[in-house]
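Colleague: Please find one structure pasted underneath; my questions will follow.
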Amino acid sequence: CILGGWGSAPVSLKIDDGTLYLRSRFVSTDGGVEADSELLPYAIEKNTWYHVIATYDGNNIKMYVNGSLAGEDTGYGGGLANISYVTEADENDPDAVGEKITRSFAVGAGRYDGEGDPYMMNNCTINKAALYSGCMTAEDAVTAYKIATTAVPFADITDTWYTDSVEYAYATGLMNGSSASTFSPSVQTSRAMIVQMLYNLEGRPAVNKADNPFSDVGDTWYTDAVLWAYQSGVTTGTSATAFSPDALVTREQVAVFLYRYQKDYKKAEMDEGADLSVFPDADSISPYAGFADAIAWANEVGIIGGKKNGESVTLAPLDKAMRSEVAKMFVSFDKKF
């Protein structure tokens, strides 16, 4: 068993004799007896990596293997069964016998020995595992598989706070490197880079190249992105005839780009913004129309957080946004919406 305990966990993955199974244990929809789901078998080969996702949405279980739906079972709306009980008196709590144990997952453990240590499967290695609070869709499963199987070629990306975001952004085509082998996480981000990322997020739709009012936007890597942003109303230039593609953007400006993209272009219903008064530098947000609303929204939905500054945590709205920060912001936005 590689997720949960095969005998008692409500959701378990098991490898047995060349077959991968997903097993789930539920309460029946009327709240009565517990019932095991049908096993969802998937044939596997030895010495081969597989990317596996198991989900439960409150009624159905699904198993995705290598980005494709491998099995589905429905009709378990009663919820996950809680079937583990204390069978022996705890020396610190003799009255605990018979009480239900809080459910938990153990990745990589099939059972436990007398000392409580996990017993690992022979000749089986888990490369990376994660538990999610939400239920993945088929599109999410495809994206997760793409990320897991895309080698990031950047020599300047180490295991740090933005690594997962860079991997996600690169694998999904949201961002490229600054060269074939570098990402340049500490390089500050330009207006051209931001609109290119929004354009990538939108799937790079066709643009009218004849409708170009900007004298500083010629035929270059960001041309289509700038024209799309202008023609769709996502943003305007810095003047009637200039876009200023090389101008560096601040953290608050990234929030404004994403806010306007979501509100004005996608016509989405927007979450109410967070109370920014908890940040000591909240009054440094630019007074331009919509800036405070944009960064309050971005903070509320988890796109922009605070920055450690000595003993305090600041919003730093006027700091230039580094590529590592922008990767995390855009990936947070894409995951959220």
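Colleague: What about residue 248, is it out of contact with any helix residue (DSSP H, G or I) (no Cβ under 6 Å at 6 or more places or on another chain), buried (at least 19 other Cβ atoms within 10 Å of the Cβ) and farther than 20 Å from residue 333 by Cα?
Modeller: Considered against the rule, which asks whether it is out of contact with any helix residue (DSSP H, G or I) (no Cβ under 6 Å at 6 or more places or on another chain), buried (at least 19 other Cβ atoms within 10 Å of the Cβ) and farther than 20 Å from residue 333 by Cα, residue 248 comes out as no.
Yes/no matrix, rows are residues, columns are (1) touching a helix residue (DSSP H, G or I) at 6+ places or on another chain (Cβ under 9 Å); (2) modelled with pLDDT under 95:
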{"position": "110", "(1), (2)": "no, yes"}
{"position": "116", "(1), (2)": "no, yes"}
{"position": "126", "(1), (2)": "no, yes"}
{"position": "147", "(1), (2)": "yes, yes"}
{"position": "160", "(1), (2)": "yes, yes"}
{"position": "169", "(1), (2)": "yes, no"}
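Colleague: Out of the stretch 161-189, which residues are more than 29 Å from residue 63 (Cβ to Cβ) and open to solvent by 50 Å² or more (accessible area, probe 1.4 Å)?
Modeller: Selection gives 161, 176, 178, 179, 180, 181, 186, 187, 188.
Colleague: Looking at the stretch 195-204, is at least one residue modelled with pLDDT under 95, over 22 Å from the mean Cα position of the chain (by Cα) and more than 27 Å from residue 155 (Cβ to Cβ)?
Modeller: No: zero hits.
Colleague: Let me ask you something else. Could you name every one of the helices (runs of 4 or more DSSP H) located completely within the stretch 130-225 that has at least 1 residues being of a type in the set (A, V, I, L, M, F, W, C) and over 30 Å from residue 55 (Cα atoms)?
Modeller: So the answer is 191-201.
Colleague: Now for a different question. Which ones in the stretch 277-305 are within 24 Å of the chain's Cα centre (by Cα) and open to solvent by less than 50 Å² (accessible area, probe 1.4 Å)?
Modeller: Across the stretch 277-305, the qualifying residues are 294, 295, 296, 297, 298, 299, 301, 302, 303, 304, 305.
Colleague: Here's a follow-up. What residue, of 286, 277, 324, is free of Cβ contacts under 8 Å to residues at least 60 places away in the same chain, assigned to a helix (DSSP H, G or I) and of a type in the set (Ser, Thr, Tyr)?
Modeller: Unique residue meeting the criteria: 277.
The values are calculated or read from the model by the stated rules, or taken from the named source; none is laboratory data. Given the structure is predicted, the values throughout are model-derived calculations rather than measurements. Counting neighbours? That spans all protein chains shown, and the Cβs are built from the backbone with ideal geometry, glycine included. Surface accessibility is based on the protein's heavy atoms, side chains included, excluding ligands, DNA and RNA. Shrake-Rupley method; radii C 1.70, N 1.55, O 1.52, S 1.80 Å.
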